[in-house]
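K.L.:
First the structure, which I've put down as structure tokens, then a few questions once you've had a look.
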Amino acid sequence: MKENIYDELEYLLLEDEGDEEMVIISNKSNNIVIGELTPKEEIPGFRFSMSDEKSKRLSDIYLDATKRLSNPYLEEYEFQTEDEKLFSLLHNLKRYSKFGSSAYDFKTAIIDKIPFPRFPIKSQRWKERGRLHRFSFASNTDLPFDSIVDSSHTKTPKNPSNYQPSYFIIRDHTTESIILALRGTMSIHDLIVDLTCEYEEFQLPEDVQRGIETKHKVHKGMFQVAKSLAEPGKTGVYEVLKRELEANEGYGLVLVGHSLGAGVASLLALLLASPTTRQTTVWSRLPRGRRVHAYAFATPCVMSAELSKRVRPLVTSVAYGNDVVCRLSLGHVRDLRNMVRFLGSNKQKGGEEGQETASKIIRKVLDYQSRTFFANTEEGRKDKEEFENFFWRARQDVYKHMQNEKLYPPGTVYWIIGNERKPYCDARDDDEAEGSNKEEEKASDVKGNGNEKECNVNNDDDIFEKKGNITTSSGKQYIMLEIDDVSKIFEEIWFSSHMMFDHLPHMYESVLRKL
């Protein structure tokens, strides 16, 4: 039986060492606090002595705990508790969200009031291309300046006509990893990649090798960018990654991005590693067997639902609130077009001209809002039920026109929402269960008014699993849900006043910091 880490620490630190008195406290969050019963300054000639053997063992325990609780590849270790797994996940999400937001521009340094080093304004050090960008990135991510080994800001594109994504490459000795941080949409060239939203067929290299003919759909524009990063001689990224991995034996590869950068990072992970082994492959031409993981924030819809599920071990995605980018692909736009056409139609069931569908629905809504329904009378209940049946039929009629093929966020997807925007299941699951479709299983963003049925997140049949329920110091509550089926949560565009604001990089960093 494995000895408890707290027991061993107590043995190492509290064993009688002369007259020195120390105390170790384990608080509710399992943080270890080591301190003296008396402040150091009040103890004349304070000394702490420990044998070399105990010192080495204490160092080994610290390294083991760091490895277990702060590994970017989310590997599971023996005797690792569920709390430790959740801590490791949140630690990585919080840390790498900074990388995604800091990749944008050095101007964020001005906004965040980062203290710049006091070099003379005409110093040759500031004339070095891209130095300010690298300093800003290092300051935002709490990294040493010299850990940034390469950046797109330090070089001029060989061919200006070819798209060059903005990036930073970091050598992180703490986690023994090489990190590629990709910037999101910020230029007209980035926007062109976003709008190249046709679907392209893709086969996993390991499927091709095994003779499996399964083909998946991916976002064409972002997939082309990912391929350029994975090929020698295109952007220079491949050469730097290969050099750093060869120079640092045993180091893995972490891919990070926000928005466009998240989509490219996710697809690049598929080109460099196997979702089964989560390691670099022979066809990546990188040192073989290195661990790989991608962290994607505000991830756009870049792959089919089947492929998204398959790459869950390799990619971790985060969506916040009603972020429209996480629900936007060519299929979503076509659904919206079809819905507008249907609502603008004025055909009756018999084919005769009639009142426009949208106008009819609006009239019904206004009539519904102007009425007072008496629930204690049979007539009042009947009138209300009649209105609700109309709205439900209208919803089903609209849904019939929203069946285009769509793409979704990739991998293991976590959805963070505020308590005031808690998801609710459709309440109509009793009398119409036999004739219902998958719309009834989907969560909606309608604010609860007491009539909706709250989703039971502990039910194995539900489409998401509750991963966290944390109340901040301000009293606001955030809930993080692990999505089991992306095709049900991200199937439709949800229109709201904060659908664009929820996409901003600082929102992700801020919300994750509060979890």
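K.L.:
If you place +1 on the Cβ of every Lys and Arg and -1 on the Cβ of every Asp and Glu, how big does the dipole about the Cα centre of segment 220-344 come out, in debye to the nearest 20?
P.N.:
Once rounded to the nearest 20, the dipole reads 340 debye.
K.L.:
A follow-up question, please. Give me, ordered by chain and number, the residues 5 or more places off G257 or on other chains with an amide H under 5 Å from its own placed amide H.
P.N.:
L182, Y295, F297
K.L.:
Considering only protein heavy atoms and a probe of 1.4 Å, how much of the accessible area of segment 271-371 is carbon and sulfur, as a whole percent?
P.N.:
Answer for segment 271-371: carbon and sulfur cover 53 percent of the accessible area.
K.L.:
Can you give me the accessible area per residue for segment 139-292, using a 1.4 Å probe, in Å²?
P.N.:
About 43 Å² of surface per residue is accessible.
K.L.:
So for segment 194-248, considering every pair of alpha-carbon atoms, how many percent are separated by more than 20 Å?
P.N.:
45 percent
K.L.:
Taking H as built 1.01 Å from N, whose amide H comes closer than 5 Å to the amide H of V149, not counting residues under 5 places away?
P.N.:
I169, I170, R171
K.L.:
Express in Å², to the nearest 10, the accessible area of R95 obtained by rolling a 1.4 Å probe over the protein heavy atoms while all chains stay in place.
P.N.:
Using a 1.4 Å probe on the heavy atoms, I get roughly 50 Å².
K.L.:
Probe 1.4 Å, all protein chains in place: accessible area of H506 in Å², nearest 10?
P.N.:
That residue has around 100 Å² of solvent-accessible surface.
K.L.:
State whether segment 141-226 is rounded, prolate or oblate according to the following rule on the C-alpha gyration tensor (a ≥ b ≥ c being the square roots of its eigenvalues): a/c under 1.5 gives rounded; otherwise a/b larger than b/c gives prolate, and the remaining case gives oblate.
P.N.:
oblate
K.L.:
Using only protein heavy atoms and a 1.4 Å probe, report how much of I188 is accessible, in Å² to the nearest 10.
P.N.:
Result for I188: roughly 110 Å² accessible.
The values are calculated or read from the model by the stated rules, or taken from the named source; none is laboratory data. Since the model is a prediction, treat every value here as computed from it, not as a measurement. Counting neighbours? That spans all protein chains shown, and the Cβs are built from the backbone with ideal geometry, glycine included. Ligands, DNA and RNA are excluded from the accessible area calculation, which covers all protein heavy atoms including side chains. Shrake-Rupley method; radii C 1.70, N 1.55, O 1.52, S 1.80 Å.
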